[in-house]
Structures are given as C-alpha cells and as structure tokens.
Amino acid sequence: MKRRQILKALALSTVLALPGVPSAIAQESVKVGLIVPLTGPFATTGRQVEAGAKLYMATHGDEAGGKTIELIVRDDAATAEQTRRIAQELVTRERVNVIAGFGHTPLAMASAPIATQGKVPMIVMAAGTSVITEKSPFIVRSSFTLPQVTVPLADWAAKNNLKKVVTLVADYAPGLDAEKAFTETFTKAGGEIVESIRVPLANPDFAPFLQRVRDAKPDAVFSFVPSGVGSALMKQFDDRGLAEAGIRLIATGDVTDDDLLNGMGKAALGTITTHHYSADHDSPENKDFVKAFEAANNGMRPNFMGVGGYDGMHLIYEALKKTGGDTSGQAIVDAMKGLQWTSVRGPVSIDPETRDIVQTVYFREVKEKDGQLWNVEFDKVEAVKDPVKAATN
C-alpha cells in the first residue's frame, strides 16, 4: 500500500508539472495573480484596480464555485518586461489559475503569449486598445476599448457645430486607436481634422503641443491621455489660454479621471467627455459602491480603473459558479462568454465572439456640485460593442 501511495504521488506530481494542467485538477483554492503598476508614474491606475478587486472580495466573500479565492498582487511599475516576467513566474511557480490587471496596453501585450501557452485566463481590467483580445483566446476584458468610447464623442462633436478639430493623443496604441476612431467618424460626418498631434507617453510636456493647437485655431481639440496624466494636460490647457481663445476641450474620460478630478480645479469645468463610468452615475448599485470604496480606501474616489478591477473579479466569481468549480482555463473562459449583469456602471455583458465588454457609453460634462467636481452624465448610447471588431464581424 505504501508503495502504491508513493507511485500515485509521483504520477500526480508529474501531471502537475505540465503547462495548463493544474487548473484542470480539483483544488481547494483558486489563485488570481493581479499584475498592476503600484509604483512609478502610473501608480494611480494600479492603486485603483487593486482597490476595486479587493473591495469585490470584501463585499462578496472569498469563495465561489466551492473554491476559496486567493488574490496575489504584484507590482510591475508599468514596465512591459517586468509584467512579462511576473506573469511567467505567477503561472509557472505560483501556479495561479488566472492572471489579471494590466494597467496599459504594452503590459497586456507582453503577457498574452504566456496566457496562451499556459492556457490561463487573462482578465484585462484596464488596458483599452481594441486588438488586445485578439492576441490570445484566453483574454477576456472587463474594462473598455478606446474606439468604444471615442466614436460616440466624434458623433456628438459633428452634431454640435464643431466643424474643425485638432486631435492630440498619447503616442502609443490606445492613443492611435482613439485618433483613428475619432478622425474616421468625425470626417465621415463632414468635420475637418485640422492637425493630428501625438505626444510622447513618457514624461509628456503638453505646452508646445497645445501652442500648436492654439495656432491652428480649431473649434475644439479632441484628446486622449492615459489615466493619471489628465491633470497635467488640463493645467497646461488652462495656462496656454485655449479656453479664452474659444477652443473647447473634448476628450475620452481618461482625461477627467474621477480619482484626480478635484485636483484639476475650475479649469476642468465644462469639459465634455464620453466614457463608460462616472463616480456620479445615478444608480443604487453605484451609490453603494462609491460609499464602500471610499470607506475602504481613506476617502479615495473610485474611477473607471477601480470599476474594471471590481467587475473583473465578478467575472471570475461568476465563471467559477457556472463551471461548478472547474478551474481549467478553457472552461473558465467559456463560462465568461455571454455573461450579463448589472454593474455599478450600468448593464454590461461579455461579447461571446470577441470576449470584449459590451456596455453603455455616457456623455458627461464636468460640473461643480457641493464644492466638488464631478463628471455629470447628460446622455448615453446603450449596448456599445467595440466598433473595430463590430465592423469586421
């Protein structure tokens, strides 16, 4: 009997050494490796995603599908090489069942091959470039795509007497996505792009670029910069006197980040943005979420990254419930396809064909209420899919 037990243990250890196999074997816990930037210039993104994920667990417990959920948090400092290394270590050494987080597109792109090779579900809670989900069949997104929130804004601009626009975006994949989506939609509706300006992602100085905008004399400037960078853009937009020159600022919601909005001051007032979440969203689910989020994080206001982390954990929990605790990678991803629920942002679902989130996109204006600045919603477009993939499917 003793010899049989030894042989059985040896056989099991051999199976466990194979890539992708540990998730297929019944186990007491499900490990979720959360990879986010907690240091460096994009630390606010990681802080929000982590807070959202932890709040979901605090609110819903640490069990799903008969398994105990274990969250393992790692800081990648928004460096793609570190993200890839951490993802590799989490999959091969920590033997996680899911990897999640991914604050920016290069970080998600670096990890996609690891998800594919290890057959490990990869939940993108932040990064917004359209093509990300096409880089691995194991990627599911709980955040948004830049074209998804940009196309409605371009439509709005064309319908609201903005004839000439300069585009000003961060020079990396999401910025290029936003630039392309805005330009194609706006020009098709009869608008004119006077100039297209791309700003370096690292340590951006907007002043010379905004001077070019002012010199071009457009009706508005459309902008995308990653979460956490909007404060600098807003300050320099104000310093350069663009508003006084009659130039409006319209942008994706990354620019008027809820977490940082109060620090932008009155220069932000009147800015029109489109996005999938506002902390001011009027629903009972969101009011409870904001209250709990602030209480758990020393008064920090949640932003769309926090919601991406919160809903990303919801995806994991609901998938485990559907599989009855089966933690194999393909079973989890299949269970996520087509999921529908009422999020704190409104009704959402996972497109079974693209594994992207389908959601409402809101039109917002920065307004002051009770001494604080908020992205106040005034219109919406429901059930928006990623338009890039929708055009090809």
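The long axis of helix 80-92 is offset from the longest Cα principal axis of the chain by roughly 20 degrees.
Residues considered: 310, 277, 172. Largest GNM mean-square fluctuation over the chain, using C-alpha springs under 10 Å, is found at 172. Of the residues 50, 382, the one with the largest accessible area comes first in the ranking 382, 50, computed with a 1.4 Å probe on protein heavy atoms. In the elastic network of the chain, a GNM with C-alpha springs shorter than 10 Å, the most mobile of 338, 253, 128 is 338.
The peptide list 355-364, 187-196, put in order of mean Cβ contacts within 10 Å with the highest first, becomes 355-364, 187-196. Note on residue 29: accessible area is roughly 40 Å² with a 1.4 Å probe, heavy atoms of protein only. Residues whose amide H falls under 5 Å from that of residue 376, counting only those 5 or more places apart or on a different chain, are 365, 366, 367, with hydrogens built in the peptide plane.
Residue order by solvent-accessible surface for 31, 135 is 135, 31, largest first, with ligands and nucleic acids left out and a 1.4 Å probe.
Each residue of the range 34-50 was assigned a 3J(HN,Hα) from its phi angle through the Karplus curve 6.51 cos²θ - 1.76 cosθ + 1.60 (θ = phi - 60°); the sequence is 9, 10, 9, x, 10, 10, x, x, 10, 5, 4, 4, x, 4, 5, 4, 4 Hz, with glycine and proline shown as x.
Within the assembled protein chains, the solvent-accessible surface assigned to residue 377 is about 50 Å², based on a 1.4 Å probe. Expressed as a fraction of 2.2 N^0.38 Å, the C-alpha radius of gyration for the range 75-223 is 1.24. Here the 3J(HN,Hα) profile of the range 161-169, calculated from phi with Karplus coefficients 6.51, -1.76 and 1.60 at θ = phi - 60°, is 6, 9, 8, 10, 9, 9, 9, 9, 9 Hz, Gly and Pro shown as x.
Find the eigenvalues of the gyration tensor of the Cα atoms of the range 252-298, then list the square roots of 5 times those eigenvalues as equivalent ellipsoid semi-axes, largest first, in whole angstrom. Numbers along the way, then the final one.
Numbers: eigenvalues 88, 38, 14 Å².
The equivalent ellipsoid of the range 252-298 has semi-axes of 21, 14, 8 Å.
Close amide H pairs (under 5 Å, H built 1.01 Å from N) link residue 33 with 72, 97, 98, 99, 100, residues at least 5 positions away or on another chain.
What value, in deg cm²/dmol to 500, does the helix sum -39500 (n - 2.57) over DSSP H runs of n ≥ 4 give at 222 nm once divided by the residues of the chain? Let's see the in-between values first.
Working: 13 runs with 159 residues, N = 393.
When only DSSP H runs of four or more count, the value is -12500 deg cm²/dmol.
Can you give me the relative contact order of the range 239-336 as a percent, contacts being Cα pairs under 8 Å and 6 or more apart? Write down the numbers at each step before the final one.
Numbers: 72 pairs, mean separation 20.2, N = 98.
Once normalised by length, the contact order is 21 percent.
Could you state the number of Å between the C-alpha centres of the range 345-393 and the range 92-139? Centre-to-centre (Cα) distance: 23 Å.
Distance from the Cα centroid of the range 217-235 to that of the range 163-186 is 12 Å (rounded to whole angstrom).
Rg then Dmax, both in Å and based on the Cα atoms of the range 275-386: 15.6, 50. Against the main long axis of the alpha-carbon atoms of the chain, helix 173-188 sits at an angle near 50°.
Normalised by the number of residues in the chain, what is the relative contact order in percent for Cα pairs under 8 Å and 6+ residues apart? Show your work: numbers first, answer last.
On the way: 847 pairs, mean separation 73.3, N = 393.
Over the chain, the number comes to 19 percent.
The equivalent ellipsoid of the range 178-278 has semi-axes of 20, 16, 14 Å, largest first, where each one is the square root of 5 times an eigenvalue of the Cα gyration tensor.
Volume per residue for the chain equals 127 cubic angstrom (convex hull of Cα atoms). Each other residue within a Cβ distance under 14 Å of residue 254 adds +1 if Lys or Arg and -1 if Asp or Glu, for a net charge of -4. GNM remark for the chain: springs join alpha carbons under 10 Å apart, and the peak mean-square fluctuation among 295, 87, 127 falls on 295.
The values are calculated or read from the model by the stated rules, or taken from the named source; none is laboratory data. These figures come from a predicted structure and were not determined experimentally. As a convention, Cβ positions derive from the backbone with ideal geometry for all residues, glycine included, and neighbour counts pool all protein chains shown. Accessible surface areas use protein heavy atoms only, side chains included; no ligands, DNA or RNA. Shrake-Rupley method; radii C 1.70, N 1.55, O 1.52, S 1.80 Å.
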